[in-house]
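Structure provided below as structure tokens; questions to follow.
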Amino acid sequence: MRPRSPLPPAARAILRRDRGALARLITQVERRDPAVVPTLKALYPRTGSARIIGITGPLGVGKSSLVNLLLAQLRASGKTVGVIGVDPSSPFSGGSVLGDRIRLERKAGDPGVFIRSMASRGHAGGVAAATLQAARLLDAFGMDVVLVETVGSGQVDVAIRDIASTSVVVLVPHLGDEVQTLKAGLFEIADVFCINKGDLPGADLAAKDLREYVSLANNAGRWKPEIVVTSARDGSGVPELWQAIERHEAYLDRDGGRLAGDRRRASREIEELVLDRVAGDLRGALENEPKHAALLERVARREVDPHTASEIVSRTRVRRRPPRSR
Ligand SMILES: Nc1nc2c(ncn2[C@@H]2O[C@H](COP(=O)(O)OP(=O)(O)O)[C@@H](O)[C@H]2O)c(=O)[nH]1
Ligand SMILES: [Mg+2]
């Protein structure tokens, strides 16, 4: 093995718990600045102790309100907490739909809390990747818990499984549109269902329906999603919500699920990174390499079809030149 190189200054700043450095690094991650990569590499071995909890579900169900209450409760029990809010953005305007920048007030000067709102512009995969790196920076920074609120954008919501060890799906009593959302894959990712706005009529019925739904699912021997009714208006059920999250976390530790989950997440992350790299390389090659220029020309002239061309390109790209020796 190579001797360990000294930590990059930005990585050292994170380990010193420098909040300014943390904010700057998250911005770099958000902009996909390649300069941040050595820091991310150096910090990776220092991560893995934070509990990363995803809070997801349709707009307006009370996710931000619940995050606020969970934050207060966790701080009261002495835990340090990072919060990441992923904003909804309109694919048409590229702007924020409701300007729903997370409405959380950090208790002035509390060093045990770091709140960050991330834009969700760009493709879902990119947003998820940036969110994962931001959560990991908060982990390296030393936060005990990282709460990640994702909003409304189905793909990002589902991608929370590739970021968080426990995913909470928040719903409200009158399931209408939410049923559609469930079909879109939210049901499969839930470790805990939270029926919020329990102060409104219908919460018990919704919980009962959901309980039936969960009991029908074929998950023998595996974790059965818990169902908790909360009201962010009066705070009821919030301690029970956290207990359900903790039970799931304990279950992961008991049955080797944490390592399995981390392995699955590693596979997804590496896949994304390799695809990014390959896509970049390939685009450059197709546009710049003379041998490909001739091929593109032939495809344009209908002498070769694009399928055959893709086979030719894949074959030549796989046989890579070995790295030059120094
Ligand atoms: N009645 C009631 N209203 C709530 C509750 N939780 C949140 N709300 C309200 O629902 C609206 C949306 O809440 P918000 O936390 O922003 O939802 P988010 O979009 O899921 O983050 C706000 O007006 C909240 O005051 C609740 O438990 N009961
Ligand atoms: Mg919100």
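The values are calculated or read from the model by the stated rules, or taken from the named source; none is laboratory data. Quick caveat, the model's predicted, so the values are computed rather than measured. All Cβ positions, glycine included, derive from the backbone under ideal geometry; neighbour counts span all protein chains shown.
Which ones in region 44-71 are part of a loop (DSSP other than H, G, I, E, B) and more than 13 Å from ligand 2 (Cβ to nearest atom)?
T47, G48, S49, A50
Which residue out of R31, R16, R51 is free of Cβ contacts under 8 Å to residues at least 40 places away in the same chain, more than 30 Å from G280 (Cα to Cα) and not hydroxyl-bearing (S, T, Y)?
Within the list R31, R16, R51, the selection yields R16.
Which of the residues that make up region 51-90 are touching a Ser or Thr at 6+ places or on another chain (Cβ under 9 Å), away from ligand 1 (no atom under 16 Å from the Cβ) and among the hydrophobic types (A, V, I, L, M, F, W, C)?
I52, L74
If you take the residues of region 217-264 that are surrounded by 18 or more Cβ atoms within 10 Å (Cβ to Cβ) and among the hydroxyl-bearing types (S, T, Y), which of them is nearest to I160 (Cα to Cα)?
By that ranking, first place goes to T230.
Report, ordered by the first and then the second residue, all pairs with beta carbons closer than 7 Å, sequence separation of six or more or different chains, a first member in region 166-192 that is under 17 Å from S215 (Cα atoms) and more than 16 Å from ligand 2 (Cβ to nearest atom), and a second member that is modelled with pLDDT of 75 or more and among the aromatic types (F, W, Y).
D191/W223
Condition check: more than 22 Å from the chain's Cα centre (by Cα) and without any contact (Cβ under 8 Å) to a residue 60 or more places away in the chain. Does D253 satisfy that?
Taking the combined requirement at face value, the residue does not satisfy it.
Spot the failing condition for G82; the list is (1) out of contact with any Lys or Arg (no Cβ under 9 Å at 6 or more places or on another chain); (2) under 30 Å from G237 (Cβ atoms); (3) not in a helix (DSSP H, G or I), and only one is missed.
Unmet for G82, out of (1) out of contact with any Lys or Arg (no Cβ under 9 Å at 6 or more places or on another chain); (2) under 30 Å from G237 (Cβ atoms); (3) not in a helix (DSSP H, G or I): (1).
Of the residues in region 203-237, how many are over 19 Å from I189 (Cα atoms) and either among the charged types (D, E, K, R) or more than 16 Å from ligand 2 (Cβ to nearest atom) (or both)?
Matching residues across region 203-237 total 10.
Right, here's the next one. Of the conditions (1) modelled with pLDDT under 95; (2) away from ligand 2 (no atom under 14 Å from the Cβ); (3) crowded, with 17+ Cβ neighbours inside 10 Å, D139 fails just one. Which one is it?
(1)
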